[in-house]
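Engineer: Submitted below is the structure of interest, expressed as structure tokens.
The values are calculated or read from the model by the stated rules, or taken from the named source; none is laboratory data. Being a predicted model, the structure only gives us computed values, none of them experimental. Cβ atoms come from the backbone with ideal geometry, glycine included; neighbour counts cover every protein chain shown.
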Amino acid sequence: MLFLILFMTAIVSYLWTKRIARSNEEPPILPGALPFFGHAHKMFGDSKGFWKMFERETQKAMSIANTTTFLTFGTKYYVLLDPDDCLTVGNACLEKDKFYTVARSCFGDGLVTASTETWKEHRKLLNPKFNLNYLLSFLEVFNKQARDLVKEFEPHIDNGEFDHGYFIRHNEMRTICLTSIGLDFNNDKETLDEYENAFLTILNTYIKQGLNLWLHFKFFWIRSRLRIIRKTNRDIMHRIIDKIVERKNYVYNKINSNSDEAGNFKPFLDVLFDVKNTVGDEVMNDKFIRDHVNTLIFAGHDTITLVMQVVMIVIGSYPAVQDKLYSELQEVFGGSDRDVEKDDLTKLFYMDAVLKETMRLYPIVPFLGRYVHRDIKLKNFTLKGGHPCFFNVYAVNRHPMWGRDAEHFKPERWLDGSTLPSNPNAFMAFSIGKRNCLGRTYSMISMKTTLAHILRRCRINADLKKLEFKLEVLLTPAAGHYISIERR
């Protein structure tokens, strides 16, 4: 028996050594790897522990090299911490890592999860449609939804701490459903509730699968109850969007409107039908349209929700910052309660800086994945083809090129170009390279509009020192995230 154990151990060690064999050109392996398991043993525990592990390993990696190697169950992951290296890979390797293909079963060939070939074709078609004039046409929706959010905050004014994230989450779902598919919460509450419940349940399945390492193996996953839950809710999402697409298709064929000028609100779904009408079914069919709509909701809802939740905690923790924001709002709006207009957005310099600084220090998407399909030469190392690669956004946003105060919250750094890194790739809140985020401008317009309405009416109080995070696909507040508000 002892001989058998020793023999099996030797075989496993041999296979492990062969699998992770590296040349001198490749990045160094992070310390702490075990045979077969690699660094996977560090990932056991809950999502709070997972985030602490991520921070700890990031600090360790930063002290070793700007590129390292992380191992799990014989799989080699390159981890990039340098902005230039991230840009090199981001432009050379457009295929997403298998981490994203897991989401493809639910979100299909949307821009986040699509294969390189589909992404190239569709991104080229959608880029000109997602222009500033088109996005500014959403201001009416953003203003209305921001006012609704302030009304929902009303019972909590001068009434102690509360979970503002709960209200932001539901408000953002209503907002993004209006802008993406034209579904009005007030007119079709049951459908929106059903879609939202299915959507949030699916996100929860990704979290649970990520934290349970045995579910990463196909043998266990296909036999799990979690897979059935995901499929059931995916079918609900698809049924709802398919029905909306079918109805919209019928209406569109009867009344074909191609106007997307500023001021003429048109949901993203209509824009997709414009594209379909131009290029035909072979390039943009109803399935692609459904996938793009689901992806827009998936990519936009949680990211905007979490940034807004965190930025309000940050603002409430820095009274001087909040005072400057309020002064800027008074300058722009002159003490009025009017809606935010397009010219106002360009005048909110300090608000822009506060949002960017919050996203720099607390990136909601702390890492991004690509598949390295061929050898890639970086500054100091060579990545070998056939392995996944992660961009450590958290590390890049705190890179030494940000200066000695890289760990400090300092919005003023964004107001003076000389205090920013000379390398523009040092800020990766909206990804990097050719396959970057299409929704950057949408997000900033939405968040600025919402904050302008909230901060003109309320003063926020919070304690950033109490804030704890968990990593559940996205960086999410786990404790110490309640705020209190006072009437202005």
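Engineer: Does Phe153 qualify as being aromatic (Phe, Trp, Tyr), touching a Phe, Trp or Tyr at 6+ places or on another chain (Cβ under 9 Å) and closer than 29 Å to Phe469 by Cβ?
Structural biologist: yes
Engineer: Let me ask another. With respect to Arg487, is the statement that it is touching a residue at least 24 places away in the same chain (Cβ under 8 Å) and touching a Cys at 6+ places or on another chain (Cβ under 8 Å) true?
Structural biologist: Yes; evaluated as a whole, the condition is true for this residue.
Engineer: Which residue out of Thr69, Thr58 is β-branched (Val, Ile, Thr), modelled with pLDDT of 85 or more and closer than 30 Å to Ala479 by Cβ?
Structural biologist: Thr58
Engineer: Considering only the stretch 407-448, state which residues are assigned to a strand (DSSP E or B) and surrounded by 19 or more Cβ atoms within 10 Å (Cβ to Cβ).
Structural biologist: Within the stretch 407-448, Ala429 is the sole residue that qualifies.
Engineer: Let me ask you something else. Considering each of Arg404, Arg360, Arg456 in turn, give the residue that is modelled with pLDDT under 95, within 23 Å of Val321 (Cβ to Cβ), outside any strand (DSSP E or B) and out of contact with any Gly (no Cβ under 6 Å at 6 or more places or on another chain).
Structural biologist: Testing whether each residue is modelled with pLDDT under 95, within 23 Å of Val321 (Cβ to Cβ), outside any strand (DSSP E or B) and out of contact with any Gly (no Cβ under 6 Å at 6 or more places or on another chain) leaves just Arg404.
Engineer: Name the residue that is surrounded by the fewest Cβ atoms within 10 Å (Cβ to Cβ), counting only residues in the stretch 204-242 that are among the polar types (S, T, N, Q) and farther than 16 Å from Glu472 by Cβ.
Structural biologist: Thr232
Engineer: Where residues in the stretch 164-203 are among the polar types (S, T, N, Q) and either under 24 Å from Val310 (Cβ atoms) or more than 22 Å from the chain's Cα centre (by Cα) (or both), which of them is surrounded by the most Cβ atoms within 10 Å (Cβ to Cβ)?
Structural biologist: Thr175
Engineer: Taking interchain pairs and intrachain pairs at least six residues apart, which have beta carbon atoms under 9 angstrom, with the first residue in the stretch 161-175 and assigned to a strand (DSSP E or B) and the second at pLDDT 95 or above?
Structural biologist: Phe162/Phe153; Phe162/Pro155; Phe162/His156; Phe162/Tyr482; Phe162/Ile483; Phe162/Ser484; Phe162/Ile485
Engineer: Any residue in the stretch 349-364 that is touching a residue at least 40 places away in the same chain (Cβ under 8 Å) sitting within a Cβ distance under 6 Å of a residue that is of a type in the set (D, E, K, R) and assigned to a helix (DSSP H, G or I)? List the pairs, counting only those 6 or more apart or interchain.
Structural biologist: Pairs that qualify, where the first residue is touching a residue at least 40 places away in the same chain (Cβ under 8 Å) and the partner is of a type in the set (D, E, K, R) and assigned to a helix (DSSP H, G or I), are Tyr350/Lys324; Tyr350/Glu328; Met351/Lys448.
Engineer: Restricting the search to the stretch 198-215, which residues are free of Cβ contacts under 8 Å to residues at least 24 places away in the same chain and either part of a helix (DSSP H, G or I) or under 15 Å from Ile241 (Cα atoms) (or both)?
Structural biologist: Leu200, Asn204, Lys208, Trp214, Leu215 - these are the residues of the stretch 198-215 that are free of Cβ contacts under 8 Å to residues at least 24 places away in the same chain and either part of a helix (DSSP H, G or I) or under 15 Å from Ile241 (Cα atoms) (or both).
Engineer: Tell me, please, whether a residue that is of a type outside the set (A, V, I, L, M), assigned to a helix (DSSP H, G or I), over 24 Å from Cys437 (Cα atoms) and touching a residue at least 24 places away in the same chain (Cβ under 8 Å) can be found in the stretch 59-68.
Structural biologist: Looking for residues that are of a type outside the set (A, V, I, L, M), assigned to a helix (DSSP H, G or I), over 24 Å from Cys437 (Cα atoms) and touching a residue at least 24 places away in the same chain (Cβ under 8 Å), one finds at least one in the stretch 59-68, hence yes.
Engineer: Take the stretch 457-488 and flag every residue that is within 21 Å of Met359 (Cβ to Cβ) and not aliphatic (A, V, I, L, M).
Structural biologist: Correct list: Asp463, Lys465, Lys466, Glu468, Phe469, Lys470, Glu472, Thr476, Pro477, Gly480, His481.
Engineer: Okay, next question. Please count how many residues of the stretch 69-95 are in contact with a helix residue (DSSP H, G or I) (Cβ under 8 Å, 6 or more places away or on another chain), part of a loop (DSSP other than H, G, I, E, B) and of a type in the set (A, V, I, L, M, F, W, C).
Structural biologist: Result for the stretch 69-95: 3.
Engineer: Here is a further query. Does Pro31 qualify as being modelled with pLDDT of 85 or more, within 24 Å of Leu211 (Cα to Cα) and in a loop (DSSP other than H, G, I, E, B)?
Structural biologist: yes
Engineer: Name the single residue, out of those in the stretch 129-160 being in contact with a Lys or Arg (Cβ under 6 Å, 6 or more places away or on another chain) and assigned to a helix (DSSP H, G or I), that is nearest to Ser336 (Cα to Cα).
Structural biologist: Here the answer is Val150.
Engineer: If you check every pair at least six apart or on different chains, which have Cβ atoms under 8 Å apart with a residue in the stretch 445-461 that is farther than 17 Å from Asp337 by Cβ first and a residue that is in a helix (DSSP H, G or I) and among the charged types (D, E, K, R) second?
Structural biologist: From residues that are farther than 17 Å from Asp337 by Cβ, there are no pairs.
Engineer: Kindly check whether there is at least one residue in the stretch 426-444 that is at pLDDT 90 or above and in contact with a His (Cβ under 9 Å, 6 or more places away or on another chain).
Structural biologist: yes
Engineer: Then there's this: Could you pull out the residue among Asn249, Asn258 that is over 21 Å from Ile297 (Cα atoms) and either of a type in the set (A, V, I, L, M) or modelled with pLDDT under 90 (or both)?
Structural biologist: Every option except Asn258 fails the conditions.
Engineer: Check whether at least one residue in the stretch 37-53 is surrounded by 20 or more Cβ atoms within 10 Å (Cβ to Cβ) and farther than 30 Å from Ala479 by Cα, and report yes or no.
Structural biologist: Yes, some residue in the stretch 37-53 is surrounded by 20 or more Cβ atoms within 10 Å (Cβ to Cβ) and farther than 30 Å from Ala479 by Cα.
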